[in-house]
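The values are calculated or read from the model by the stated rules, or taken from the named source; none is laboratory data. All values reported here derive from a predicted model rather than from experimental measurement. Glycine gets a Cβ as well: all are built from the backbone with ideal geometry, and neighbour counts include every protein chain shown. The protein model used for the area step is the full one, side chains on, heavy atoms only, and it has no ligands, DNA or RNA in it. Shrake-Rupley method; radii C 1.70, N 1.55, O 1.52, S 1.80 Å.
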Amino acid sequence: MHSRSHLNTVIVALVWAISPLGTSAETKKPIDSDAELPAWVSKRIAVLQPRPEEKRLDEIGWADDIRHALQLAKKHRRPVFLFTHDGRINLGRC
Amino acid sequence: MRAGPLSKPEVIKLLNAHFVPVYAVNEDYHGEGPQPTEERREFTRIYRGALDGKLSAGTVHVYLTSPDGKVIDSMHVAEAARTEKLLATLKRNIGRLGVPAGETLVKPKPQSTPPTGMANDAVALHLVSRALGGGGSWGGVVENWVVLSSKEWAAFRPPVAKVGEEWRIDPEVSAKLLTHFYPSTENNDVSKNVFDHQRLEAKVIAVDGEGETATLRLSGSLKMKHTFYHKDDRNVAQAEMVGFVQLDLSTSTIREFGLITTEATYGGGKFAVGLRLVALPKNQ
């Protein structure tokens, strides 16, 4: 029993360590302490924020709109890459 | 595309060095969308240019134009979303046009930014929704920006600044926030969401100074029908949440706002949502 309990502890610790979210993104028991509530909530919101590898779209030099892209293309003799889509790719809601 | 090829370093490098990348939101180019006539004209010209050139064309599509704006290639998103296929197309056209590598023409910048043109007394809240496994969504992380007018965020001001005071947040205001509480799905038209119930309650837990600031505890829940695609299904988002608000009672402003789900499910999977106030420049 002891070794199984120890193994479970190790597994939980490993999951926490390798997961950027740990288990803090979801907890069924909200904090009771009023004094600690703001810090508790803020910390969990911070954990949810997009990570750099999830924001690589920001590494692309997007033109403001199609006309802007066409102006730059003509001036610098480059082709335009246009992606048309439904939703909002900048928010991931697409 | 965002989590696929548009996150791959080799694609990003080619786009920045050889192309002028741009994306267009279809909704902005039709009906009451904000794009002006001249911009819509180019959007339509490229679409028709693909058809005239016997190339593929569609609403969710990649189009490549020559430096003079003529459509020279196109790909359906199902093809373009496969990194190796997109890379092959990009490289083929770079070779065909003989485009040398150069500097990125537009400085890369964050694409998710607070709304502009807000009233001085409005507040902007930033929402993040992250899938936590179990399926039911596209996975990953998505965002929203929600702007509350001064009249709307007044719903968070306590009727009486006294510890223990409790009230329900105006359902129209809480609905405006909670309608975005779902993970990444194909459908993002929140006007189609249908609440079974939604509720956000506030309680004063601290009053500091001589009634200058107040801290509220928020708690709430929702059950909301939200279809995954733009056709009817049985998917429902359910969530429990907790949060806080710090108010400056002397100036009637919100200092801090945080709301986070403690449990949330959709389509058999789990997700988490965090919503917080974002400080904006004074001129916003």
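Table: residues versus (1) on the phi > 0 side of the Ramachandran plot; (2) in contact (Cβ under 8 Å) with a residue 60 or more places away in the chain.
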site: B:Asp28; (1), (2): no, no
site: B:Gly31; (1), (2): yes, no
site: B:Pro36; (1), (2): no, no
site: B:Ala50; (1), (2): no, no
site: B:His76; (1), (2): no, no
site: B:Lys85; (1), (2): no, no
site: B:Ala88; (1), (2): no, no
site: B:Ile94; (1), (2): no, yes
site: B:Leu97; (1), (2): no, no
Only unsatisfied item for B:Ser7, checking (1) under 17 Å from A:Trp62 (Cβ atoms); (2) touching a residue at least 24 places away in the same chain (Cβ under 8 Å), is (2)
Of all the residues that make up region B:18-46, how many are open to solvent by less than 70 Å² (accessible area, probe 1.4 Å) and out of contact with any Ser or Thr (no Cβ under 7 Å at 6 or more places or on another chain)? 18
Going by the structure shown, is B:Glu201 of a type in the set (Asp, Glu), touching a Gly at 6+ places or on another chain (Cβ under 9 Å) and outside any loop (DSSP other than H, G, I, E, B)? yes
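Each row is one residue, and each column tells you yes or no for (1) more than 14 Å from A:His85 (Cβ to Cβ); (2) surrounded by 14 or more Cβ atoms within 10 Å (Cβ to Cβ); (3) charged (D, E, K, R); (4) touching a His at 6+ places or on another chain (Cβ under 7 Å).
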site	(1), (2), (3), (4)
B:Leu55	yes, yes, no, no
B:Val62	no, yes, no, no
B:Arg96	yes, no, yes, no
B:Val106	yes, yes, no, no
What is the number of the single condition among (1) open to solvent by 10 Å² or more (accessible area, probe 1.4 Å); (2) over 17 Å from B:Ile94 (Cα atoms) that B:Pro67 does not meet? (2)
Is there any pair with a first residue in region B:235-253 that is of a type in the set (Ser, Thr, Tyr) and a second that is open to solvent by 50 Å² or more (accessible area, probe 1.4 Å) whose Cβ atoms are under 6 Å apart and which are 6 or more apart or on different chains, and what are they? B:Ser250/B:Glu212
Return the residues of region B:166-187 that are free of Cβ contacts under 8 Å to residues at least 24 places away in the same chain and open to solvent by 40 Å² or more (accessible area, probe 1.4 Å); say none if nothing qualifies. B:Asp170, B:Glu172
Subset of region A:43-81 (residues that are more than 7 Å from chain B (Cβ to nearest Cβ) and at positive phi): none
Criterion (more than 9 Å from every other protein chain (Cβ to nearest Cβ) and among the small types (Gly, Ala, Ser)) met by exactly one of B:Ala17, B:Ala80, B:Ala3, B:Ala24: B:Ala17
Here the residues within region B:50-76 that are assigned to a strand (DSSP E or B), more than 8 Å from chain A (Cβ to nearest Cβ) and of a type in the set (A, V, I, L, M) are B:Val71, B:Met75
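One line per residue, one yes/no per condition, for (1) in contact with an Asp or Glu (Cβ under 6 Å, 6 or more places away or on another chain); (2) under 19 Å from B:Asp121 (Cβ atoms); (3) acidic (Asp, Glu):
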position	(1), (2), (3)
B:Ser219	yes, no, no
B:Gln238	no, no, no
B:Val242	no, no, no
B:Gln246	yes, yes, no
B:Thr261	no, no, no
B:Thr265	no, no, no
